[in-house]
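One structure is given here, and the rest of the page talks about it.
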């Protein structure tokens, strides 16, 4: 959105220096002050104030087309696409608008039209390859000490190395209410997002770890552009495991969250909570049935004209189960950063630290289990240009290292994963 806003601003500034549009040459005294104030209000995220100031200018000087184009941009940023289109079309249809400015206005209108659709369907697909040094998250050693001696694990319980292929495909839908509503002096748009997804992970040899996942999510969001977003999401997942594709787990979740945008639109703070019900579909796992409660706070900040971003998240969770030996509480800290060395390329890294404390004794080992998990990810992605034969596709590669430390050696493991993926939305 910002690229088009800047592009249109350049176009309208050109109007000031071109004698073909005489009404846009002089923004003096009070109109000039109002214009600069409106630009500042818009840049600071106060879109309603900016719109009112631009409208005030145009009520006195209806032929000031620079102000009208900037008003169109403000409407666009406020998700009031119909009014944005009307203002831009007024300038485009004016015979005095310079010929070399018209293509920029048409490009803006194309973007506006694409985003203004009431219903937008977006199919997507991702194909990937994964090399995994510990497919089953097992310990390195097959001999595990217990309170009264030791146990020897079967080969399939020790860390297994394998590679495999994955496929993720589905469709997302966005419904956009065509008429914004006014809430607490803000223009607010109702957006409803839905997504259905199918995921398949197929290992070469360790087929008992093959995974099929069906996911669906939906929910409304209220968007006050450049101010906040508030919404609720409902989700359901069905998981199947193994070579025989046996039904394993159903989960159902609800996640309300709210995001505040501040610091000249370069920072975003998000608070969310999630309630998830887990229903295991095999009798042997009935004791794991239960509920998971998660509360989190995330902060993201963009730097260097949005080419760099840093983010952090802290969350607390409580897993309740039918039997207390599977129940635990804990917390997680996530730190991340990304950098765009070029317009279509991105480098990223992420660190995660998680601590879990179980509620009851592990009967086989005679102690209460507690764990600390450390995970590091580095990666890079590149989106191919329109002139490329792979136009529309994105390639992504990543390396992840996980170290799980437990006071019970059976649950300790280290894992390295190297993946590459190609993806596209249509």
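The values are calculated or read from the model by the stated rules, or taken from the named source; none is laboratory data. Keep in mind that this is a model prediction, so the values were computed, not measured. So basically every Cβ, Gly included, is an ideal-geometry build from the backbone, and we count neighbours across all protein chains shown.
Could you grab me the full set of residues in the stretch 292-316 that are exposed (fewer than 15 other Cβ atoms within 10 Å of the Cβ) and closer than 30 Å to residue 246 by Cα?
Passing the criteria: only 293.
Let me spell it out: the conditions are (1) out of contact with any strand residue (DSSP E or B) (no Cβ under 6 Å at 6 or more places or on another chain); (2) outside any strand (DSSP E or B); (3) in the same structural domain as residue 400 (by TED's automatic domain parsing), and residue 110 meets all of them except one. Which number is the exception?
Of the numbered conditions (1) out of contact with any strand residue (DSSP E or B) (no Cβ under 6 Å at 6 or more places or on another chain); (2) outside any strand (DSSP E or B); (3) in the same structural domain as residue 400 (by TED's automatic domain parsing), the odd one out for residue 110 is (3).
Hey, among 205, 184, 157, which residue is over 30 Å from residue 46 (Cα atoms), over 17 Å from the mean Cα position of the chain (by Cα) and free of Cβ contacts under 8 Å to residues at least 24 places away in the same chain? Outline the logic, then answer.
Details: 205 fails: free of Cβ contacts under 8 Å to residues at least 24 places away in the same chain; 184 fails: over 30 Å from residue 46 (Cα atoms).
Being over 30 Å from residue 46 (Cα atoms), over 17 Å from the mean Cα position of the chain (by Cα) and free of Cβ contacts under 8 Å to residues at least 24 places away in the same chain holds for just one of 205, 184, 157, which is 157.
With respect to residue 364, is the statement that it is more than 24 Å from the chain's Cα centre (by Cα), assigned by TED's automatic domain parsing to the domain that holds residue 148 and surrounded by fewer than 17 Cβ atoms within 10 Å (Cβ to Cβ) true?
Numbers: more than 24 Å from the chain's Cα centre (by Cα): yes; assigned by TED's automatic domain parsing to the domain that holds residue 148: yes; surrounded by fewer than 17 Cβ atoms within 10 Å (Cβ to Cβ): yes.
Here the answer is yes, as residue 364 does meet what is asked.
From 329, 372, 343, grab the single residue that is surrounded by fewer than 17 Cβ atoms within 10 Å (Cβ to Cβ) and at pLDDT below 95. Steps first, please.
Working: 329 fails: at pLDDT below 95; 372 fails: at pLDDT below 95.
That would be 343, the only listed residue that is surrounded by fewer than 17 Cβ atoms within 10 Å (Cβ to Cβ) and at pLDDT below 95.
Specify the residue that is modelled with the lowest pLDDT; the eligible residues are those in the stretch 118-135 that are surrounded by fewer than 18 Cβ atoms within 10 Å (Cβ to Cβ) and over 21 Å from the mean Cα position of the chain (by Cα).
The selected residue is 118.
Which condition from (1) assigned to a strand (DSSP E or B); (2) crowded, with 18+ Cβ neighbours inside 10 Å; (3) touching a helix residue (DSSP H, G or I) at 6+ places or on another chain (Cβ under 9 Å) is the one that residue 229 breaks?
Looking at each condition in turn, residue 229 falls short on (3).
Kindly establish whether residue 338 is closer than 26 Å to residue 283 by Cβ, part of a strand (DSSP E or B) and in contact (Cβ under 8 Å) with a residue 12 or more places away in the chain. I'd like the intermediate steps shown before the answer.
Numbers: closer than 26 Å to residue 283 by Cβ: no; part of a strand (DSSP E or B): yes; in contact (Cβ under 8 Å) with a residue 12 or more places away in the chain: yes.
So residue 338 does not fit the description; no.
Do the conditions hold for residue 107, that is, is it out of contact with any helix residue (DSSP H, G or I) (no Cβ under 8 Å at 6 or more places or on another chain) and surrounded by fewer than 18 Cβ atoms within 10 Å (Cβ to Cβ)? Reasoning before the result, please.
Values: out of contact with any helix residue (DSSP H, G or I) (no Cβ under 8 Å at 6 or more places or on another chain): no; surrounded by fewer than 18 Cβ atoms within 10 Å (Cβ to Cβ): yes.
Considered against the rule, which asks whether it is out of contact with any helix residue (DSSP H, G or I) (no Cβ under 8 Å at 6 or more places or on another chain) and surrounded by fewer than 18 Cβ atoms within 10 Å (Cβ to Cβ), residue 107 comes out as no.
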